[in-house]
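Working notes for the structure below.
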Amino acid sequence: MSQKTPVFLLKTKSTPGDAYQEQFSSETDGFNFEPFFVPVLEHRFKDEGLATVRSLLKTKAIGTGFDCAYGGLVFTSQRAVEAFTHLVQEVTGDDRWPHLQDIPVYSVGPATTRALKAVPQQPPLQVFGEHTGNGETLAPYIIEHYGEWYKDRSIKPPLLFLVGEQRRDIIPKKLMDPALPSDKFIRIKEVVVYGTGVMKSFQQDFTKLLQETRDRPARWVVVFSPSGCDGMLSALGWLNESSGRVGDDFHQEDRKTYIATIGPTTRLHLVKNFGYEPDVCAEQPSPEGVWQGISRFWNEAKK
């Protein structure tokens, strides 16, 4: 029996189940992978942001009423959903958060949508935007969908955007573009509900796994965010310490470790900051998208 190909997933394993674990644990179309999770980031809830959202929930300020401060929610990360879930779970029994089932909740992709659909809210949240995949695509979708949701109002109610300390400003910029007509303009309020930092043990943990799998014929590394890219490249021995970029002695044809990114943002970060073009950039930020990119790369390499 041939050895399985290690796939190092640079992320924290989701609970209770992880879709990447499922995708890369079974042999498919002749590809036989062995997934390893290597957490890169540690996340901490922000008390001030949680208090803000908690107060909005308790005062029924998020809803479809004309007196509500916000008419919908936006999420672009699973960690923000975890923070929101933490607040929802504070209330038990019949004392549920009111009216959440009546508002549109916007999600940037499959993973965030799965997390939102698992929020223990009855009736369940109405989640939209799973198909968009990134902020660039989600923003215009929100403008059209939210406009239709509140078509009886010439001025749309603001949206509440739960975010981390590090985020892009694409969605606020597009929704509050001064060039938009007044009936399309949507004010959006960002509330920071979690902070993120690179785990001190990440590079050491990753180096240990690389040593343990050094005899495998090939290995894949899947990168989910710009954070930790320098530690990853250093552990692989590809980073020139003086320049901080992939060194001139990096031999593309001699290596057996390949890099895949979850999407264009992480790919661009590797190219611009480290001078490294990853082997695969997933067309869709999902387990299926990553697997398809890797399998397509290998099929092409065999020709």
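The values are calculated or read from the model by the stated rules, or taken from the named source; none is laboratory data. If you're wondering where the values come from, they're calculated on a predicted model, not measured in any experiment. Virtual Cβ from ideal backbone geometry, glycine too; neighbours counted across all protein chains shown. Ligands, DNA and RNA are stripped out before the accessible areas are found, and what is left, the full protein with its side chains, is counted by its heavy atoms. Shrake-Rupley method; radii C 1.70, N 1.55, O 1.52, S 1.80 Å.
Which helices (runs of 4 or more DSSP H) does the range 97-206 wholly contain that include 3 or more residues that are open to solvent by 50 Å² or more (accessible area, probe 1.4 Å) and out of contact with any strand residue (DSSP E or B) (no Cβ under 9 Å at 6 or more places or on another chain)? Don't jump to the end; show me each part of the working.
Working: elements: 110-117, 135-149, 170-175.
Hits in the range 97-206: 135-149.
Among the residues of the range 44-58, are any among the β-branched types (Val, Ile, Thr) and open to solvent by less than 30 Å² (accessible area, probe 1.4 Å)? First the steps, then the outcome.
First pass over the range 44-58, keeping only residues among the β-branched types (Val, Ile, Thr): 52-53.
Within this subset, residues satisfying the condition of being open to solvent by less than 30 Å² (accessible area, probe 1.4 Å) are 53.
Yes: one or more hits.
Applying the criterion of being under 21 Å from residue 113 (Cα atoms) and of a type in the set (D, E, K, R) to the residues of the range 278-303, the residue that is surrounded by the fewest Cβ atoms within 10 Å (Cβ to Cβ) is 288. Being among the acidic types (Asp, Glu) and under 16 Å from the mean Cα position of the chain (by Cα) is a property that does not hold for residue 144. Residues that are open to solvent by 60 Å² or more (accessible area, probe 1.4 Å), at pLDDT 90 or above and more than 23 Å from residue 290 (Cβ to Cβ): does the range 217-231 have at least one? No, the conditions are met nowhere in the range 217-231.
Quickly run through the range 9-27 and pick out the residues that are touching a residue at least 24 places away in the same chain (Cβ under 8 Å) and loosely packed, with under 12 Cβ neighbours inside 10 Å. If you could, list the steps in order and put the result at the bottom.
Pass one, the range 9-27, residues touching a residue at least 24 places away in the same chain (Cβ under 8 Å): 9-14, 19-20, 22-24.
Matches in the range 9-27: 22 only.
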